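Here is the structure we will look at, set down as structure tokens.
The values are calculated or read from the model by the stated rules, or taken from the named source; none is laboratory data. What you see is a predicted model; the values in this text were computed from it and never measured. Heads up, the Cβs are rebuilt from the backbone with ideal geometry, glycines too, and the neighbour counts pull from every protein chain shown.
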Amino acid sequence: MTASTRLIALLAALGAAVTAAAQAPADAPARLLPAQPPALVVFITVDQMREDYLEKYAPQFTGGLARLVRGGAFFTNAMLDYATTETAPGHSTGMSGRFPEHTGIVSNSLGVYDMQSPVLGDARAFASPFRFRGGTLMDWLRMKDPRSRAISVSRKDRAAILPLGRSHEEVYWYDAPTGNFTTSTWYSDTLPPWLRAFNARRLPAMQAGKSWTPLLPDSAYKEPDSVVFENFGTDFMFPHPMPVDTAAAIRSLPDFPYMDALTLQVALTGMKQTNLGVGPWTDVLAISLSTTDAIGHRYGPDSKEIHDQILRVDRELGEFFDSLFAVRDPAHVVIALTADHGVAPVPEWYVSMDHKPAQRVSLDAIAARIDSGLARRGVDPADFRFEDEMLFVNRDGLARAKVNADSLVRDFAATASAMPGVQRVYRRAELAKDTLSDPAARRWYHSLPPDFPVELVVVQKEYSVWGSYAPAIHGSVYDYDNHVPVILYGAPFKPGRYAAAARLVDLAPTLAWVTATVPADLVDGSVLWSALK
């Protein structure tokens, strides 16, 4: 062992000791102190997986979800507790321990798009974490021991990028035009040899002409397979064929279950080829499985398709864990599983089944009327725009055009409040008045950074959704979009079901504790002490 290696090891040991002292509450029993930090943290996010899926389908689980639900610390009452329940905010939250108000990632549209960071192999695509504020678990681990490394993999760019924040680690996602996993110049100018070799196998092309059929016999599914509200009324019954044309099949792959299997193969290959999780320090493998989101949008949370998809996630994770533990000691691995958001029922299905009101809400007519008037005054459209339920106002720009911003905001608020399907319009100052008994206000308060020029937010009525871009939609303040599973698995955790309230932001500080790491950021979450042995 060289002098420099001994110094690194000593600093790591000192860091662990300082962490234990700094993070433990005054009354924490000594047995809670982590005896040996894990060598590998596997952080899994299943895009759009509602917590109730794990309740409904658990009797049919035989694989990875069965392992986690039955052998992990399963928090059944976990919430995001913020309003912008979309993919980008969800993936920025779990490993940072902070709400969107502090990460700066408040929506998909304000997520990872960055024209200064072209995607390798696709000149039309751009992505980076440049908007992300603060650090994540990966940054904290490297501050303790600079040998810590990470790989993050997903079908989506934002789902691969944001779990690691601004860390310059290995981050890869699926490029549908080419069928390859790639990255952007923010991370590297070239792909590593192991990923080039994986891409050269052309696995997506082999799916051309195949069909998605149910995993189990029809008697195992209670859901009807003839719901015309699904998938815009086309291809809503099994089997679901993939295109025969290879290029079309590669583009269509994200809508089929095999995409998750492919993502897990890339993650496992990268872990092995880079020797992740073999040192005396802690490495991170972040995986986001995106197909549940694609299928959920098309067919809805009450469909036979989503039932089959969750069973497939269970099987695929089972194979992944078997392969993982064949090469890494389970005693030195911890696993966290969660989701970035839930989803609302398909409104038309909800009305027909429950006979309760639900509708698709649009404020486009209001925005078009105001935009038309502002255009005649020479106002830049970006100075007054309604996007993702938020009204953004550039008061300086309006003032230069001699437009009264207060009058314009009042007009928008009054008109929006009267629209069918709108529950309430909150002015920005109202959000902080009652965050205890008004969950909508609290969740919006957690969503908006103080420096964002948002004047008001609009909350739709429960079970109504914004727009018609998909049969099933998420993005509201309500529990069906907020309620996600939180499961912690591994040696530090006590298996069982925990009904106490938990939040997605609690994962990062809990994982920091079990890895003997001090968060370098002021986090919004708390350590889930009840789950620790």
Seminar exercise, completed: Note on region 103-153: residues out of contact with any strand residue (DSSP E or B) (no Cβ under 6 Å at 6 or more places or on another chain) and hydrophobic (A, V, I, L, M, F, W, C) are Ile105, Val106, Leu110, Val112, Ala123, Phe130, Phe132, Leu137, Trp140, Leu141, Met143
For this session: Kindly provide the set of residues from region 509-528 that are under 20 Å from Ala331 (Cα atoms) and either in contact with a Pro (Cβ under 6 Å, 6 or more places away or on another chain) or outside any loop (DSSP other than H, G, I, E, B) (or both), ordered by number.
Result: Thr510, Leu511, Ala512, Trp513, Val514, Thr515, Ala516
Exercise. Restricted to region 441-453, and to residues that are buried (at least 20 other Cβ atoms within 10 Å of the Cβ) and in contact with a Phe, Trp or Tyr (Cβ under 8 Å, 6 or more places away or on another chain), which residue is nearest to Ile105 (Cα to Cα)?
Worked result: Ser447
Seminar exercise, completed: Residue pairs within 7 Å by beta carbon, gap of at least six or interchain, first lying in region 382-410 and in contact (Cβ under 8 Å) with a residue 60 or more places away in the chain, second assigned to a loop (DSSP other than H, G, I, E, B) and of a type outside the set (A, V, I, L, M), listed first then second, are Glu387/Ser109; Asp388/Thr84; Asp388/Ser107; Asp388/Ser109; Phe392/Pro453; Val393/Pro453
For this session: Might you check whether a residue that is assigned to a loop (DSSP other than H, G, I, E, B) and among the β-branched types (Val, Ile, Thr) occurs anywhere in region 260-280?
Result: yes
Exercise. Can we say Thr45 is at negative phi, in a loop (DSSP other than H, G, I, E, B) and modelled with pLDDT of 95 or more?
Worked result: no
Seminar exercise, completed: In region 468-490, residues that are without any contact (Cβ under 8 Å) to a residue 24 or more places away in the chain and among the aliphatic types (A, V, I, L, M) total 0
For this session: Select from region 436-448 the residues that are under 19 Å from the mean Cα position of the chain (by Cα) and part of a loop (DSSP other than H, G, I, E, B) and list them in ascending order.
Result: His446, Ser447, Leu448
Exercise. Which one of Asp329, Asp364, Asp380 is surrounded by fewer than 17 Cβ atoms within 10 Å (Cβ to Cβ) and either in the same structural domain as Arg67 (by TED's automatic domain parsing) or touching a strand residue (DSSP E or B) at 6+ places or on another chain (Cβ under 6 Å) (or both)?
Worked result: Asp329
Seminar exercise, completed: When restricted to Asp308, Asp302, the only residue touching a Leu at 6+ places or on another chain (Cβ under 8 Å), over 16 Å from Ile44 (Cα atoms) and not in a strand (DSSP E or B) is Asp308
Exercise. In a helix (DSSP H, G or I), touching a residue at least 60 places away in the same chain (Cβ under 8 Å) and either farther than 15 Å from Ala339 by Cα or polar (S, T, N, Q) (or both): does that describe Pro254?
Worked result: yes
Problem set entry | Candidate set from region 366-386 (those that are under 14 Å from Pro453 (Cβ atoms) and not basic (Lys, Arg)); member that is farthest from the chain's Cα centre (by Cα) | Asp380
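Quick grid of which residues meet (1) in a loop (DSSP other than H, G, I, E, B); (2) modelled with pLDDT of 95 or more:
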{"residue": "Phe181", "(1), (2)": "no, yes"}
{"residue": "Tyr187", "(1), (2)": "yes, yes"}
{"residue": "Arg196", "(1), (2)": "no, yes"}
{"residue": "Arg202", "(1), (2)": "yes, yes"}
{"residue": "Ala205", "(1), (2)": "no, yes"}
{"residue": "Ser226", "(1), (2)": "yes, no"}
{"residue": "Asp235", "(1), (2)": "yes, yes"}
Problem set entry | Residue satisfying all of: in region 463-477; touching a Pro at 6+ places or on another chain (Cβ under 9 Å) and not in a strand (DSSP E or B); surrounded by the fewest Cβ atoms within 10 Å (Cβ to Cβ) among these | Tyr463
For this session: Mind listing whichever residues of region 291-322 are of a type in the set (S, T, N, Q) and over 20 Å from the mean Cα position of the chain (by Cα)?
Result: Ser303
For this session: Check region 413-424 and report whether any residue there is under 25 Å from the mean Cα position of the chain (by Cα), part of a loop (DSSP other than H, G, I, E, B) and not assigned by TED's automatic domain parsing to the domain that holds Tyr53.
Result: no
For this session: Could you look through region 39-84, keep only residues that are out of contact with any Gly (no Cβ under 8 Å at 6 or more places or on another chain) and of a type in the set (Ser, Thr, Tyr), and pick out the one that is farthest from Tyr221 (Cα to Cα)?
Result: Tyr82
Exercise. Between residues in region 135-156 that are assigned by TED's automatic domain parsing to the domain that holds Val284 and under 17 Å from Phe320 (Cβ atoms) and residues that are among the hydroxyl-bearing types (Ser, Thr, Tyr) and in a strand (DSSP E or B), which pairs lie under 7 Å by C-beta distance while being six or more apart or on different chains?
Worked result: Val153/Tyr172; Ser154/Ser288; Arg155/Tyr174
Exercise. Of these, Leu120, Leu65, Leu80, which one is closer than 26 Å to Ala331 by Cβ and touching a residue at least 24 places away in the same chain (Cβ under 8 Å)?
Worked result: Leu65
For this session: State the number of residues belonging to region 351-369 that are outside any loop (DSSP other than H, G, I, E, B) and either in contact with a Gly (Cβ under 9 Å, 6 or more places away or on another chain) or among the polar types (S, T, N, Q) (or both).
Result: 4
For this session: Tell me, yes or no, whether region 157-169 has at least one residue that is buried (at least 24 other Cβ atoms within 10 Å of the Cβ) and either without any contact (Cβ under 8 Å) to a residue 40 or more places away in the chain or in the same structural domain as Arg443 (by TED's automatic domain parsing) (or both).
Result: yes
Problem set entry | Asp139 vs. criteria crowded, with 20+ Cβ neighbours inside 10 Å, modelled with pLDDT of 95 or more, under 16 Å from Thr93 (Cα atoms) and over 18 Å from the mean Cα position of the chain (by Cα) | yes
Problem set entry | Filtered residues of region 115-136 (kept if closer than 26 Å to Trp513 by Cβ and buried (at least 22 other Cβ atoms within 10 Å of the Cβ)) | Pro129, Phe132, Gly135, Thr136
Problem set entry | Test result for Val284, of a type in the set (A, V, I, L, M), touching a helix residue (DSSP H, G or I) at 6+ places or on another chain (Cβ under 7 Å) and outside any strand (DSSP E or B) | no
